[in-house]
Amino acid sequence: MPATARTLGKDATGASQHNGLPASLRVTHPERVIDKQSGITKLQLVQCYAAMAPLLLPHLKDRPVALVRAPDGLDGERFFQKHAGPAALAGVTRLPREIDPSHPPLLKIDSLQGLLSAAQMNTIELHTWNGTDRAIGTPDRMIFDLDPGENVDWPRTREGTRLVRAFLQDLGLPAVLKTSGGKGMHIVVPLRPQYDWETVKAFSRAIVLRLAQALPGHFVARSGPKNRIGRIFIDYLRNGFGATTVAAWSVRARPGLPVSVPIAWDELDGLPGSAHWTLLTLGDRLATGNTPWAHYDSSRISLTDAMRRLDFRPDQGA
Ligand code: ATP
Ligand code: MN
């Protein structure tokens, strides 16, 4: 067993007689290698999720979740599951049909049991909505997904990330940062639930358009690989109803099994890349945990002042 994966299992539970897992959980195909690069097995992934649960569950709480399931590991087929399937998963709650009436119920996970049954069902990634079931019509966060195009190296991605933050600061908006576990970074603005999805998305679009207009050498607001060459595409579509972004502390279904990790702004300069932390290297970072986002809840803000600063009228729509 890789050292970190083993440590993870023990650290969280203080015991290893059930390999760090609740006695009631049966892991099928425990020895199946899900990622050739790291050699990590399905059992190790489930154990890692058990160890990360105290850090991850707060990010899943009350939110519709979508699962990236890969029954045969990274080399096999993948399923992006947004809705309940025929079989119930222990600890995975079905949300009321009214949220999304034309589909089967949405899912949410807010217990260790739910997280581990999802992992047992071959879930590798967990993606969440920007709203909670307590106020599903009014998102409580706004996300900017920075996607560096071809020829954008990591130092320029870091620089772009800082520039977006500076612009948000000018608008009076607080923001926290996490690695995506992939190529880019995710910037999250904690909101008081107030405006509806269309308004928040339209405002996030207005922010991205302004950035692309002011700094066209750095940013592009239109998607498509050609538009992105040498520039960073800032994806604001993550802010729409039903859109999802990978949760902090989710593993990514990519070689080496990177993890999306919250970081403090002053760590950005020293960060070697967005896929810096993986299941094998995460070890000590668990102790830091969510402290870089300690002020997340207390910094929640209304968008009203920022809208005024950008001359954005909340009724102007998308
Ligand atoms: P990177 O930094 O490499 O861009 P990322 O997490 O931002 O990492 P992706 O993994 O490409 O980028 O994210 C894909 C986006 O699309 C996420 O918002 C995810 O919730 C969503 N998504 C992923 N797979 C599907 C799918 N099959 N159907 C619909 N949405 C999906
Ligand atoms: Mn991205």
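The values are calculated or read from the model by the stated rules, or taken from the named source; none is laboratory data. Here the structure is a predicted model, which means the values were calculated and not measured. All Cβ positions, glycine included, derive from the backbone under ideal geometry; neighbour counts span all protein chains shown. When the accessible area is computed, the model is the full protein with side chains, heavy atoms only, and any ligands, DNA or RNA have been set aside. Shrake-Rupley method; radii C 1.70, N 1.55, O 1.52, S 1.80 Å.
Return the whole-Å distance between the Cα centroid of region 183-222 and the Cα centroid of region 75-133.
The distance from the Cα centre of region 183-222 to that of region 75-133 comes to 27 Å.
Would you calculate the separation in nanometres between label points at N227 and W265, each defined as 7 Å from the Cα along the Cα-to-beta-carbon direction?
2.8 nm
Over region 18-88, with the other protein chains present, what is the accessible area per residue in square angstrom, probe 1.4 angstrom? Walk me through the intermediate numbers first.
Working: 3350 Å² over 71 residues.
Value for region 18-88: 47 Å² per residue.
Post the alpha-carbon centroid distance, region 26-51 to region 242-283, in whole angstrom.
18 Å
Could you compute the net charge surrounding N122? Neighbours are other residues with a C-beta less than 12 Å from the C-beta of N122; K and R count +1, D and E count -1. Numbers along the way, then the final one.
On the way: positive: R32, K42, R69, R78; negative: D72, E77, E125.
With Lys, Arg at +1 and Asp, Glu at -1, the neighbours total +1.
Could you work out what % of the accessible surface of region 3-128 is carbon and sulfur, using a 1.4 angstrom probe and leaving DNA, RNA and ligands out of the count? Don't skip to the end; give the middle numbers.
On the way: 3120 of 5830 Å².
Ligands and nucleic acids excluded, carbon and sulfur reach 54 percent.
With n ≥ 4 as the cut-off for DSSP H runs, can you work out [θ] at 222 nm for the chain, using -39500 (n - 2.57) per run divided by the number of residues, rounded to the nearest 500? Kindly include the intermediate steps, with their values, before the conclusion.
On the way: 8 runs with 88 residues, N = 318.
So the helix-based figure for the chain works out to -8500 deg cm²/dmol.
Only residues of region 101-137 count here: report those whose backbone N is under 14 Å from the spot 7 Å along Cα→Cβ of A90, or say none.
111-121
7 Å from Cα along Cα→Cβ at both E159 and S302: what's the point-to-point distance in nm?
With each label placed 7 Å out from Cα toward Cβ, I get 3.9 nm.
Within region 211-248, which residues have the backbone N less than 12 Å from the label spot 7 Å out from H103 along Cα→beta-carbon, could you tell me?
Taking a point 7 Å out along Cα→Cβ of H103, the residues of region 211-248 whose backbone N falls under 12 Å are 241-245.
Can you sort K178, K183 by solvent-accessible area, 1.4 Å probe, largest first? Don't skip to the end; give the middle numbers.
Numbers: K178 5, K183 125 Å².
Ranked list, largest accessible area first: K183, K178.
Leaving out ligands and nucleic acids, and using a 1.4 Å probe, what accessible area per residue does region 198-285 come to in Å²?
Working: 3390 Å² over 88 residues.
Ligands and nucleic acids excluded, the result is 39 Å² per residue.
Which value, in debye to the nearest 20, describes the size of the charge dipole of region 3-128 about its Cα centre when Lys and Arg Cβ atoms bear +1, Asp and Glu Cβ atoms bear -1, and nothing else is charged? Mind showing how you got there, number by number?
Values: 14 positive and 11 negative charges, 29 e Å.
Here the size comes out at about 140 debye.
Using a 7 Å offset from the Cα along the Cα-to-Cβ direction at both N151 and T28, what is the distance between the two label points in nm, to one decimal?
Taking the simple label geometry, N151 and T28 are separated by 5.0 nm.
Who wins for biggest fluctuation among A70, A294, A53 in a Gaussian network model of the chain, springs between alpha carbons below 10 Å?
In this elastic network of the chain, the residue with the biggest mean-square fluctuation among A70, A294, A53 is A294.
Within 13 Å, Cβ to Cβ, of L310, how many net charges do the neighbouring residues add up to if Lys/Arg are +1 and Asp/Glu are -1?
Details: positive: R205, R210, R308, R309, R313; negative: D170, D305, D311.
So the surrounding residues net to +2.
Within 13 Å, Cβ to Cβ, of I136, how many net charges do the neighbouring residues add up to if Lys/Arg are +1 and Asp/Glu are -1? Write down the numbers at each step before the final one.
On the way: positive: R63, R97, K108, R134; negative: D62, E98, D100, D133, D140, D196.
Computed value for this residue: -2.
Which entries of K108/K226; K42/K108; K201/K226; K108/K178; K36/K226; K82/K226 have Cα-Cα distances beyond 26 Å here?
Check vs 26 Å cut-off fails for K108/K226; K36/K226; K82/K226.
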